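Presented below is the structure to which this report refers.
The values are calculated or read from the model by the stated rules, or taken from the named source; none is laboratory data. Small disclaimer: the values here were computed from a predicted structure and weren't measured. Cβ: placed from backbone, ideal geometry, glycine included. Neighbour counts: every protein chain shown.
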Amino acid sequence: MLMESPRKDYMIMAIFTAVVLTMPLWTAPFGASYPDLLQKFAIYGIFAVGFNLLFGLTGYLSFGHAAFLGVGSYAAVWSFKLLSMNVLPAIVFAILIAALFAVLIGFVSLRRSGIYFSILTLALAQMSYNMAYSVLTPITNGETGLQLEHGDPRVLDFAFGAEETAGLPSTNLFGLEMSGWPGFYFCAVVLILAFFLSLRIFKSPFGLKLRAIKSNQNRMMYTGYNTRPHLLLVFVISGMYAGLAGSLLAVTDPLAGAERMQWTASGEVVLMTILGGAGTLVGPLLGAGLIKYFENIFSAINEGVLHSAFSFLPDFLNDFLTFIVAPFVGEGWHLTLGALFMAVVIFLPGGIMEGIRRLTGLAKRTASHRGGKGSARTGGPAHSAEG
Amino acid sequence: MDAFLLQILNGLDKGGAYALIALGLTLVFGTLGVVNFAHGALFMLGAFVAVALQNLLTISKQVRDESVTFFEAYKETPYLEIWLGDTGLAIIDYVVPISIVLAIPVMLLIGFVMERGLIQYFYKRTHAEQILVTFGLAIVLQEIIKAWFGANPIPMAAPDAVSGSAAIGSALGLGDAVVYPWWRLLYLLFTLFIVGAVFAFLNLTTYGMVVRAGMADRETVGLLGINIQKRFTLVFGIAAVVAGLAGVMYTPILPPDYHMGMDFLVLSFVVVVVGGMGSLPGAVAAGFLLGILQSFASMSVVKDVLPGIDQIIIYLVAVVILLVRPRGLMGRKGVMEA
């Protein structure tokens, strides 16, 4: 895999860029083609890609990644308040703060591995969440959440002659307002860059070392590698991705609340990555898109919608089906999510990507069966397709 | 001195809940080698056994209120009261103690179903996958509870006989200012009793001895012709019962809602880590210790010096312990060294 030519990487990137930029077109049939939702796909895609760098490559399961998302959001909003409504300083600032924060948390939690690591990250993230709610209220504005106000200094904006407006200003990129389609395309471009970086890391010697840590950390250490700097580096990179995603959340809607840091939010990114396929390049993106899409669709369905959807059936069947399905949609969307997640972990630990691989493997095998039974019996080519 | 004693007592009952959950977590981990993120959900399910029983006992119908004479007034009267009179009312009053009796078989059953139905397929999988699948299970369980009982906390009352406060101060000669709710004292005693029972089971019975042997070396015990798996399943059931009972007893202290399990689970994991993964006494000691620390941190004297310390003290302690004593307070070498 490593020895693949850079040409293939460019192919992947070209296809990926095309797919992302044409998203408004091909999501239209699914009823998802509006900027708010697509933006969410892109942002959570970045989040999941970053998480996958840590979990997919090294196998270190962090249960506190939402803390970086929250920190990124806070940092971005502060940048909007203090410096400028331009999104670039906000993003840079958010990434830096998230990186700092990740260094701190990573330094402590990477001292242990396995479940200890999961629990430590979980505990530290919960601690940040509690602090954002209580002690740090001057910075985070507690329960109300941090938001823009009249009379924010915004020194850079005013230095360049911006006027105080009647309403609250909106985020912009050198004058281009970050709402609607420009907002989506901005996030899409950032997603493409983030994906490219992740691709490079996957294919780099650094990525190989991380995989070596996942497969056997002890052996890695016996060969003379000190694994902890590598782990800390990837942890920080992954935290920066989360900070970036958090700042983009603030770009689309300039307010930040502590609930973004809660551990259920950390759980969500784990779900996305696993659902799509941890350790694969595109898996996390697929997972993030699917979860955000179904969250949007499912949580809008209520009993009335179900009744009309089943209206072609006789009444008693209609009522019965509504009764069965109702707990899984609308408010109960999380139930579906949890059940789906369990099913994936139990039956398809590699996520959707493994599912696709198995299906293509199956297709190839049936094709070779048809081609000639003699060669299939020896099993050589058919089995290699599986691996 | 009064305040000091009160804070210790406060800490002990919260610590009791941590200790019981952490005890179950450690038991499951020590025997089956499974990290159970759904253990908090078991605590929550226990609490909702009590809620369900209360709902069942208070099924009522509209009855003409005779005390109001100038118009037709109706009041809700539970069937139990109509059928049994004062006895019925007394039964409703004692709903929490009765649920304890009910919760034992129910939680044991839930534990067996969970272990046989799901956990047993995950012995050989990685810890990450165990965490993930039990996390999914926890979400499913709490969403089911939410769909059934709603999202709001449901108030539960301790029996009238113990709803008052105990005058501990005057009993100990410290002045009358020190009073403490009876129920919380009972909770503390109950916790000690459960912990004692679990330890007695493991240390004083032959069955428990075999379980301990299995924890130390599963393979050898298996080679001796003992079906250790069957015993471990029972241990899982016991862990579920312990968590469930902790939940039932906690309902008068904290009105149960669907996410209480998750809240306690995070802290209990921290407790387990502080105590030392795989060490039962460590889990219990750390539970009480962290409970007490938390309650001291929430004293206003302390909060004036270090604002917000009560929110983070447990996590801070956990971080410090892991940096200074990476195996936890009573962790042994070779347990969970990954």
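Observations
- Among residues of segment A:227-270, those that are farther than 24 Å from A:Trp78 by Cβ and either part of a loop (DSSP other than H, G, I, E, B) or within 14 Å of another protein chain (Cβ to nearest Cβ) (or both), counted: 7
- Residues satisfying the stated conditions in segment B:114-133, i.e. assigned to a helix (DSSP H, G or I) and facing chain A (nearest Cβ under 8 Å): B:Tyr121, B:His127, B:Ala128, B:Glu129, B:Ile131, B:Leu132, B:Val133
- Number of the exception - B:Leu234 against (1) buried (at least 20 other Cβ atoms within 10 Å of the Cβ); (2) over 27 Å from A:Phe63 (Cβ atoms); (3) at pLDDT 90 or above: (1)
- Here B:Ser67 passes the criteria (1) outside any helix (DSSP H, G or I); (2) touching a helix residue (DSSP H, G or I) at 6+ places or on another chain (Cβ under 9 Å) except the one numbered (2).
- Residue satisfying condition, being within 22 Å of B:Val270 (Cβ to Cβ) and in contact (Cβ under 8 Å) with a residue 12 or more places away in the chain, within set B:Leu57, B:Leu80, B:Leu45: B:Leu45
- Test result for B:Ala90, within 24 Å of B:Asp160 (Cβ to Cβ), at pLDDT 90 or above and part of a helix (DSSP H, G or I): no
- Residue match in segment B:153-160 (condition: part of a helix (DSSP H, G or I) and either at pLDDT 90 or above or closer than 28 Å to B:Phe48 by Cβ (or both)): yes
- None of A:Ala125, A:Ala94, A:Ala32 is of a type in the set (Gly, Ala, Ser), within 14 Å of chain B (Cβ to nearest Cβ) and closer than 25 Å to A:Gly289 by Cα except A:Ala125.
- Residues that are surrounded by fewer than 24 Cβ atoms within 10 Å (Cβ to Cβ) and outside any helix (DSSP H, G or I) within segment B:259-295 comprise B:His259, B:Gly278, B:Ser279, listed in sequence order.
- Looking across A:Gly224, A:Gly207, one residue alone is more than 22 Å from A:Leu83 (Cα to Cα) and in a loop (DSSP other than H, G, I, E, B). It is A:Gly224.
- Residue match in segment A:241-250 (condition: touching a residue at least 12 places away in the same chain (Cβ under 8 Å) and surrounded by fewer than 23 Cβ atoms within 10 Å (Cβ to Cβ)): no
- Residues that are under 18 Å from A:Val135 (Cα atoms) and out of contact with any helix residue (DSSP H, G or I) (no Cβ under 7 Å at 6 or more places or on another chain) were ranked within segment B:296-334; the one that is surrounded by the most Cβ atoms within 10 Å (Cβ to Cβ) is B:Leu316.
- Boolean, A:Ser113 is buried (at least 24 other Cβ atoms within 10 Å of the Cβ), within 14 Å of chain B (Cβ to nearest Cβ) and not hydrophobic (A, V, I, L, M, F, W, C): no
- Complete set of residues in segment A:143-180 that are assigned to a loop (DSSP other than H, G, I, E, B), at positive phi and surrounded by 10 or more Cβ atoms within 10 Å (Cβ to Cβ): A:Gly145, A:Arg154
- Single condition A:Tyr133 does not satisfy, out of (1) surrounded by fewer than 24 Cβ atoms within 10 Å (Cβ to Cβ); (2) in contact (Cβ under 8 Å) with a residue 60 or more places away in the chain; (3) under 23 Å from the mean Cα position of the chain (by Cα); (4) within 10 Å of chain B (Cβ to nearest Cβ): (3)
- Residues that are assigned to a helix (DSSP H, G or I), within 13 Å of chain A (Cβ to nearest Cβ) and touching a residue at least 24 places away in the same chain (Cβ under 8 Å), drawn from segment B:296-332: B:Ile314, B:Tyr315, B:Val317, B:Ala318, B:Ile321, B:Leu322
- Residue count for segment A:2-30 satisfying the condition of being over 16 Å from A:Phe184 (Cβ atoms) and assigned to a loop (DSSP other than H, G, I, E, B): 4.
- Selection of first residues in segment A:277-296 that are closer than 14 Å to A:Leu340 by Cβ and of second residues that are of a type in the set (Asp, Glu) and not in a loop (DSSP other than H, G, I, E, B), restricted to Cβ pairs under 9 Å at least 6 apart or on distinct chains, gives the following pairs, ordered by first then second residue: A:Ile291/A:Glu268.
- Residue among B:Gly111, B:Gly136, B:Gly164 that is more than 14 Å from chain A (Cβ to nearest Cβ), of a type outside the set (A, V, I, L, M) and farther than 30 Å from B:Gly88 by Cβ: B:Gly111
- Scan of segment A:132-156 for residues that are touching a Phe, Trp or Tyr at 6+ places or on another chain (Cβ under 9 Å) and of a type in the set (D, E, K, R), ordered by number: A:Glu143, A:Asp152, A:Arg154
- Scanning segment A:307-324 for residues that are surrounded by 13 or more Cβ atoms within 10 Å (Cβ to Cβ) and either over 17 Å from A:Gly31 (Cβ atoms) or in contact (Cβ under 8 Å) with a residue 24 or more places away in the chain (or both) yields A:His307, A:Phe310, A:Leu313, A:Asn318, A:Asp319, A:Phe320, A:Leu321, A:Thr322.
- The set of residues in segment A:59-90 that are surrounded by fewer than 24 Cβ atoms within 10 Å (Cβ to Cβ), in a helix (DSSP H, G or I) and either in contact with a helix residue (DSSP H, G or I) (Cβ under 9 Å, 6 or more places away or on another chain) or of a type in the set (Ser, Thr, Tyr) (or both) comprises A:Trp78, A:Leu82, A:Pro89.
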